[in-house]
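The values are calculated or read from the model by the stated rules, or taken from the named source; none is laboratory data. Everything quoted here is computed from the prediction, not taken from an experiment. Every residue, glycine among them, receives a Cβ derived from its backbone with ideal geometry; neighbour counts consider all protein chains shown.
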Amino acid sequence: MIEIVAISGSLRAASTNSALLAALAANAPADCRVQLYDGLGRLPIFNSDDEGERTPPEAARLIETITRADGVIVSCPEYAHGVPGGMKNALDWLVSRDAAVGKPAMLVHASPRSLYARAALSEIMRTMSFAMYEETLEIALLGKKPAEMEAILTDPANRRAMRGAIEAFSGFIRSQ
Ligand SMILES: Cc1cc2nc3c(=O)[nH]c(=O)nc-3n(C[C@H](O)[C@H](O)[C@H](O)COP(=O)(O)O)c2cc1C
């Protein structure tokens with residue numbers, strides 16, 4: 001069983017990025033489990049004085065979650081042409097650890113116009129030594145309400161695309 005952790009960069013209850021990841025989890029092939037990380041909003045602001053023995057419990061949980069996972073999928077909004085602080089903060093807790101080193105990672109996108117954030121996130125994660133899978137999946141949910149998102153995410157063509165994306169990413173994970 002391939003275990004994948006999915007991280008949404010948005011804390012909004014009606015987040016399009018979180019909805020995309022939940023749909024990916026629901027459409028994963030039988031040999032793959034996608035679990036959503038839910039601790040982003042509880043992480044303290046990164047402080048390198050609080051590493052090692054002083055690592056806060058929620059940061060330790062994140063590090064452990066990423067360490068145990070076979071791969072990571074990130075879906076993240078763009079704020080002011082950048083990566084939202086909460087997402088960057090989570091990544092900062094992983095910088096000086098081994099958790100990210102060589103860990104297969106894939107970006108998926110819920111907004112067709114988040115081009116600055118995509119580029120920044122790729123650069124950050126590559127710098128952290130994640131093994132970036134170059135293919136991505138984009139399902140445009142920008143501005144959609146929950147009922148509209150539901151219709152898009154249950155569309156058979158989109159379900160096939162999501163399943164195909166996870167299958168391809170798990171192939172990449174197995175090849176690492
Ligand atoms: C503070 C803030 C800044 C934003 N800045 C941008 C931006 O620079 N470029 C962009 O394409 N969208 C921007 N947006 C729109 C969000 O990226 C968009 O609403 C996205 O769908 C939010 O993701 P979510 O539904 O998962 O919360 C911004 C939204 C907020 C709240």
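Inside region 19-36, residues that are surrounded by fewer than 19 Cβ atoms within 10 Å (Cβ to Cβ) and part of a loop (DSSP other than H, G, I, E, B) make up a count of 3. Residues of region 86-126 that are out of contact with any strand residue (DSSP E or B) (no Cβ under 8 Å at 6 or more places or on another chain), in a helix (DSSP H, G or I), more than 19 Å from Leu36 (Cα to Cα) and within 15 Å of the ligand (Cβ to nearest atom): Leu115, Ala119.
Please count how many residues of region 52-69 are over 13 Å from the mean Cα position of the chain (by Cα) and at pLDDT 95 or above. So the answer is 12. Put simply, of Ile73, Ile45, Ile4 the only residue that is more than 11 Å from the ligand (Cβ to nearest atom) and farther than 27 Å from Arg159 by Cα is Ile45. On inspection, Gly9 does not qualify as surrounded by fewer than 21 Cβ atoms within 10 Å (Cβ to Cβ) and in contact with a helix residue (DSSP H, G or I) (Cβ under 6 Å, 6 or more places away or on another chain). Name every residue in region 37-69 that is outside any helix (DSSP H, G or I) and among the acidic types (Asp, Glu), in order of residue number. If the condition is that a residue be outside any helix (DSSP H, G or I) and among the acidic types (Asp, Glu), then Asp38, Glu51 are the ones that fit.
From the set of residues in region 76-85 that are assigned to a loop (DSSP other than H, G, I, E, B) and closer than 26 Å to Arg54 by Cβ, which is farthest from the ligand (Cβ to nearest atom)? Top of the filtered list is Val83.
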